[in-house]
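Reviewing the structure listed below.
The values are calculated or read from the model by the stated rules, or taken from the named source; none is laboratory data. The structure displayed is predicted, hence computed values, not measured ones. Don't worry about glycine lacking a Cβ; one is built from the backbone with ideal geometry, like all the others, and counts go over all protein chains shown. To get the accessible areas, we keep the full protein, side chains included, count just its heavy atoms, and leave off ligands, DNA and RNA. Shrake-Rupley method; radii C 1.70, N 1.55, O 1.52, S 1.80 Å.
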Amino acid sequence: MERALKLEAKVRGLVKDTDRRGNVRYYYRRKGFPKVRLRSEFGTDAFREELRCAELGIPFGGAPQLPQPANTTLVRAGSFRWLCLEYLRRAKSQWGAMTHARKSRMLADICDSTSLSKTGTRTGDLPFLGMQLKHVAQLRDDKADMPNVANRRIKEISALYNWAIGTGLAQINPADKCARLKAPTEGYHTWTLPEISQYQATHPPGTKADLWLRILLFTGLRKSDASTLGRQHIYEVNSERRIRITPSKTRESSAVVVDIPLLAPLAEAIDALPRTQLTFMAKANGTPHTSNTLGSYMRDWCDAAGLKHCTSHGLRKAGAVIAAEAGATSQQLQAIFGWTTSQQADHYTKAASRQKLATEGARHLRLTE
């Protein structure tokens, strides 16, 4: 109940409506768009998923769509919103469902902006060919208090216009020379070994909290894939048990397959589960938890262990750091974590190399007569 009350107070746009007979209904409202009735029982996993879909502009159980204003039956051809819709529709096969949903949400947020017009006209209703560098900079600066979000706006606008150039709809990319803002942090905190030990001291083997940590740490999977991991992904070859899974992020694009050994700490936890349990992170009735639910649980588990700054994603980063410091190459990290380019892997291997060189070099820092 406490978590449900927090949900009601926390989510912007979530509206509670009680009629004269005492019946309670919940809606999600966004200015300029039709309100969405949320029909699942309040506070349940289904309700949270339905609310997430409403925020993304996705029909519950359907495919991502860019929301359209309530008073608009047909988006005007040539508008920025029209270009976004064409992009999301025609380039959809290039991305997985999660990437498509993320792009949809970001572009919808940009379309809702009114900072480019003195009359309050939304960016989505302005002609896309009129977009200039100064406009992109304005959209960036609207989110200056959140540098990572501001930079994501530049990235998505740039990708949108690069696609438009490739299809002959535009000739220039107004975001090409737009400078990124300096982000104050490196994103999610990377767990340290003492923090992992502190967590396990609070959540011993056999608990769902410990199992979740082992899955994330010893597979390197993203939360969305770790939540679906089960016996169907385990196979044996030459007496070695391995995990084979296609990450959802690249399933519909590069179709990269992650194939890694099942490490002993994770195998030990899995072998303690009932043999009839298909998905490892499952409810009492055997149905899988959603990744959002597990994210909420992880928040509670970390808080209970006194690790309020730690998250699920930070364990994935910790795994990359541990592997890199143990000597894993960039290509090996790509294979483990399902990365399609060397950019992310190089970040960890270079950091590990710098640490090793610094340790070795520090031995020469001594005074001699």
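Looking for something open to solvent by less than 60 Å² (accessible area, probe 1.4 Å), within 27 Å of SER296 (Cα to Cα) and either hydrophobic (A, V, I, L, M, F, W, C) or modelled with pLDDT under 65 (or both) - is there at least one such residue anywhere in the stretch 22-39?
yes
Within the stretch 263-276, the set of residues being touching a residue at least 12 places away in the same chain (Cβ under 8 Å) and open to solvent by 40 Å² or more (accessible area, probe 1.4 Å) comprises LEU263, PRO265, GLU268, ALA272. Out of all the residues in the stretch 229-246, is one or more within 25 Å of ILE196 (Cβ to Cβ) and out of contact with any strand residue (DSSP E or B) (no Cβ under 8 Å at 6 or more places or on another chain)? Within the stretch 229-246 (the criterion being within 25 Å of ILE196 (Cβ to Cβ) and out of contact with any strand residue (DSSP E or B) (no Cβ under 8 Å at 6 or more places or on another chain)), the answer is no, since none of the residues qualifies.
Out of the residues in the stretch 217-238 that are of a type outside the set (S, T, N, Q) and in a loop (DSSP other than H, G, I, E, B), state the one that is most open to solvent (accessible area, probe 1.4 Å).
Going through the stretch 217-238, the residues of a type outside the set (S, T, N, Q) turn out to be 217-218, 220-223, 225-226, 229-231, 233-237.
Narrowing the set further to residues that are in a loop (DSSP other than H, G, I, E, B) leaves 220-222, 229.
On the way: GLY220: 3, LEU221: 8, ARG222: 45, LEU229: 1 Å².
Per the stated criteria, the residue is ARG222.
Looking at the structure I just gave you, is THR123 within 29 Å of PRO247 (Cβ to Cβ) and either open to solvent by 60 Å² or more (accessible area, probe 1.4 Å) or touching a residue at least 24 places away in the same chain (Cβ under 8 Å) (or both)? Criteria not met by THR123.
The condition of being buried (at least 19 other Cβ atoms within 10 Å of the Cβ), polar (S, T, N, Q) and out of contact with any Phe, Trp or Tyr (no Cβ under 8 Å at 6 or more places or on another chain) holds for only one of SER104, SER79, SER115, that being SER104.
Sort out which residues of the stretch 165-216 are part of a helix (DSSP H, G or I) and farther than 26 Å from THR311 by Cα, and write them in order of number. Walk me through how you get there before you give the answer.
Quick first cut of the stretch 165-216, residues part of a helix (DSSP H, G or I) only: 165-166, 193-202, 208-216.
Of everything in the stretch 165-216, those that are part of a helix (DSSP H, G or I) and farther than 26 Å from THR311 by Cα turn out to be ILE165, GLY166.
With (1) closer than 30 Å to LYS308 by Cα; (2) in contact (Cβ under 8 Å) with a residue 24 or more places away in the chain as the list, and ARG102 as the residue in question, which single condition is left unmet? Going through (1) closer than 30 Å to LYS308 by Cα; (2) in contact (Cβ under 8 Å) with a residue 24 or more places away in the chain one by one, ARG102 breaks only (2). Apart from one condition, GLU369 fits all of (1) modelled with pLDDT of 85 or more; (2) in a loop (DSSP other than H, G, I, E, B); the exception is (1).
Where residues in the stretch 167-184 are within 15 Å of LEU129 (Cα to Cα) and open to solvent by 70 Å² or more (accessible area, probe 1.4 Å), which of them is farthest from the chain's Cα centre (by Cα)? Working first, answer last.
Step one: of the stretch 167-184, the residues within 15 Å of LEU129 (Cα to Cα) are 167-176.
Going one step further and asking which of them are open to solvent by 70 Å² or more (accessible area, probe 1.4 Å), we end up with 171-172, 176.
Numbers: GLN171: 32, ILE172: 30, ASP176: 25 Å.
Residue satisfying both the conditions and the ranking: GLN171.
Within the stretch 201-216, restricting attention to residues that are small (Gly, Ala, Ser) and closer than 17 Å to ALA282 by Cα, which residue is surrounded by the fewest Cβ atoms within 10 Å (Cβ to Cβ)? Within the stretch 201-216, the match that is surrounded by the fewest Cβ atoms within 10 Å (Cβ to Cβ) is GLY206.
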